[in-house]
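The values are calculated or read from the model by the stated rules, or taken from the named source; none is laboratory data. Bear in mind that the values here come from a model prediction, so they are computed numbers and not experimental data. Note: ideal-geometry Cβ built from the backbone for every residue, glycine included; neighbour counts use all protein chains shown.
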């Protein structure tokens, strides 16, 4: 499977990272003298499973930073979901689209190819990467993530999503709610119903059950894809993440 990719790079640097990085946009925060988004672009470009690439964000600044390394740079909209739609519209893809956030400087081409290959083995409309806590702690001990305990183990969400474009076109409001709740497992559970919350509390909720509830409640087929690459879930959204990225990428901290 070869897919087109949308890299989401529209976030202002207005959160916790502002205290240790003064760049106006998160995607442009410097790591080892390079903007963070450049690491992500290189990983996506080198992935054998990716065709065309669009980056959505502050267009003028990204064009200056990326020097033609992607097929399209698209001016950002007012929200993450709008940016996804703008990227998809610009690419006009023939099949599924890979969504990647620009705050994954440790991402590797191998992680992307493994995710896409796993997606190709089963039919779904939306595929979402998840990473086991033991994978994170084995390679990056002490890294702080938001975890959810499921029947199969303890997982954190990844920042790779493969989807059919019609899903976000037809279910925009639900996607916006899911995006707003992505750091809050309880809020995500509310979207899927009381039964999911009860099983979650009792540590009896499985990945397969979540997938079934997504199809029943939301109207599309979802699939959780376990990645053995912790880099897909280590997004830089707080100072300790930036410190880790700079250390791994070779910048003194």
Yes/no for residue 81 being closer than 27 Å to residue 230 by Cβ and modelled with pLDDT under 95: yes
Output for segment 143-159, where each listed residue is surrounded by fewer than 17 Cβ atoms within 10 Å (Cβ to Cβ) and either part of a loop (DSSP other than H, G, I, E, B) or out of contact with any helix residue (DSSP H, G or I) (no Cβ under 9 Å at 6 or more places or on another chain) (or both): 143, 144, 146, 151, 152
Among (1) within 17 Å of residue 238 (Cα to Cα); (2) at pLDDT below 95; (3) within 15 Å of the chain's Cα centre (by Cα) - the single one residue 27 does not satisfy: (2)
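When the residues of segment 19-32 are narrowed to those that are in contact with a strand residue (DSSP E or B) (Cβ under 9 Å, 6 or more places away or on another chain) and free of Cβ contacts under 8 Å to residues at least 60 places away in the same chain, which ends up surrounded by the fewest Cβ atoms within 10 Å (Cβ to Cβ)?
Among those that are in contact with a strand residue (DSSP E or B) (Cβ under 9 Å, 6 or more places away or on another chain) and free of Cβ contacts under 8 Å to residues at least 60 places away in the same chain, it is 24.
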Number of positions in segment 23-68 that are in contact with a helix residue (DSSP H, G or I) (Cβ under 6 Å, 6 or more places away or on another chain), part of a loop (DSSP other than H, G, I, E, B) and closer than 13 Å to residue 11 by Cβ: 1
Tally, over segment 207-227, of residues that are farther than 18 Å from residue 122 by Cα and either in contact with a helix residue (DSSP H, G or I) (Cβ under 6 Å, 6 or more places away or on another chain) or assigned to a loop (DSSP other than H, G, I, E, B) (or both): 2
